[in-house]
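Every number in this text was worked out from the coordinates using simple rules, so none of it is lab data. Computed from a prediction, not measured in an experiment: that's the story for all the values here. Every residue, glycine as well, gets a Cβ built from its backbone with ideal geometry; the counts of neighbours run over all protein chains shown.
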Amino acid sequence: MEAYPHEIIFYKNNIDMHFFICEHSGSFVAKHWHNSMEFIYIIEGQYTVTINNKAHKINSGEFVMVNPRDIHSTNSISHCKFFVLQISYDFIKKHIPNIDFIEFKLDYNKNKLHPSIEYMASLLKELSSLCQEKPNDYLLKFYSMIFDLLFHLSNNFKTKVSSIEQQKHEKYIERLSKVTYYVKKHYMEEISLSDISAVVSLNPEYFSRFFKKHMGITFLEYLNSIRLEYAYNDLANTSYSISEILSRNGFTNYKMFMKLFKKRFGCTPSKKRKNYLTINSILISLS
């Protein structure tokens, strides 16, 4: 599986964690997975995180947790500020040795009345502040809170996974990894169903059923979501024209691109760029 990673997370300062605060007027990250455990805590606004084909809408003061190798995507159509904490698989394995045969079932909206949920949310809020302020020797406090967070997670939301289920999961993740790796390399080109099914040595019909079953969307929908993610990044971070953005990211049909963009972000690309520039200028003036 490691030959085809969908997302590689780099950890700074050798602390086995990756954390950051993000603020923007809208964003979209297509379906992906990684070996890290991920927490997303909403500071302002609303964010939708889809995990294994189930959408979770989280608001200010709420959070979502993503298990290692869970397929997930994120989306917001308006201003949102959130804290992201990613804990490496090696760190988790060291302190929760049986991590390969367990998963954590935590649905904020479903479990919000659980006594540990409010406490975990308060920990993530404090972690977000700590990581912004970084007082002297802040990592001492940081690690104590990480262990506290994992303790409550492990003692309240842990379920067992059989070895057979684990093997099946690894098998389809390995196959999907080859597909997503190929798409990441060639999304700006035309990719036919025959092309992509050949990557994993399947016939197109079987591949289509396999992909829809495990990703929850058709291959064409996935391919366009990757193209849309890169197109949005170009829209937010470059001065390329809309037509240039389309050609750079594999879109050949203007009407289809506009339809997909409006459905995802609720407005036209031009309006989204204008909103982004306005929010960005405000953030710069406040910094």
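Observations, loosely collected:
- If the chain linking V29 and F101 were pulled fully straight, counting 0.36 nm for each residue of separation and taking away their Cα-Cα distance, it would gain 23.1 nm.
- Fewest-first ranking of T74, T268, using other Cβ atoms within 10 Å as the exposure measure: T268, T74
- Cα-based shape type of the chain, given that a ≥ b ≥ c are square roots of the gyration tensor eigenvalues and the cut on a/c is 1.5: oblate
- Extension gain, H114 to E174: 0.36 nm times the residue separation minus the Cα-Cα distance gives 18.1 nm.
- Zone of K184's modelled label, taken as backbone nitrogen in the range 46-68 under 20 Å from a point 7 Å along Cα→Cβ: 50-53, 66-68
- Computed from backbone phi with θ = phi - 60° and the Karplus coefficients 6.51, -1.76 and 1.60, the 3J(HN,Hα) list for the range 67-80 is 5, x, 6, 6, 7, 8, 9, 10, 7, 8, 10, 9, 4, 8 Hz; x is used for glycine and proline.
- Rounded to the nearest 0.05, the FRET efficiency derived from the C-beta distance between Y143 and K81 at R0 = 22 Å is 0.35.
- The residues H72, H24, when put in order of fewest to most other Cβ atoms within 10 Å, stand as H24, H72.
- Taking L113, L139 and counting other C-beta atoms within 10 Å, the order from fewest to most: L113, L139
- Straight-distance crosslink candidates among aspartates and glutamates, where the alpha carbon sits under 19 Å from K81 and sequence neighbours closer than 8 are dropped: E23, E38, E44, E62, E126, E133, E229
- Whole-number percent relative contact order across the chain, with pairs defined as alpha carbons under 8 Å at least 6 apart: 18 percent
- Whole-Hz couplings from phi, Karplus 6.51/-1.76/1.60, listed for the range 120-137; x for Gly and Pro: 5, 5, 5, 5, 5, 4, 5, 5, 5, 5, 4, 6, 7, 7, 6, x, 4, 6
- Projecting the alpha carbon convex hull of the range 1-158 along each direction and taking the average yields 9.2 nm².
- Distance from the range 249-275 to the range 56-91 (C-alpha centre basis), Å: 24 Å
- If R0 is 22 Å, the Cβ-Cβ spacing of L193 and K259 corresponds to a FRET efficiency of close to 0.55.
- In order through the range 140-157: 3J(HN,Hα) via Karplus (6.51 cos²θ - 1.76 cosθ + 1.60), integer Hz, x for Gly, Pro: 4, 5, 4, 5, 4, 6, 4, 4, 5, 4, 5, 4, 5, 5, 5, 7, 10, 10
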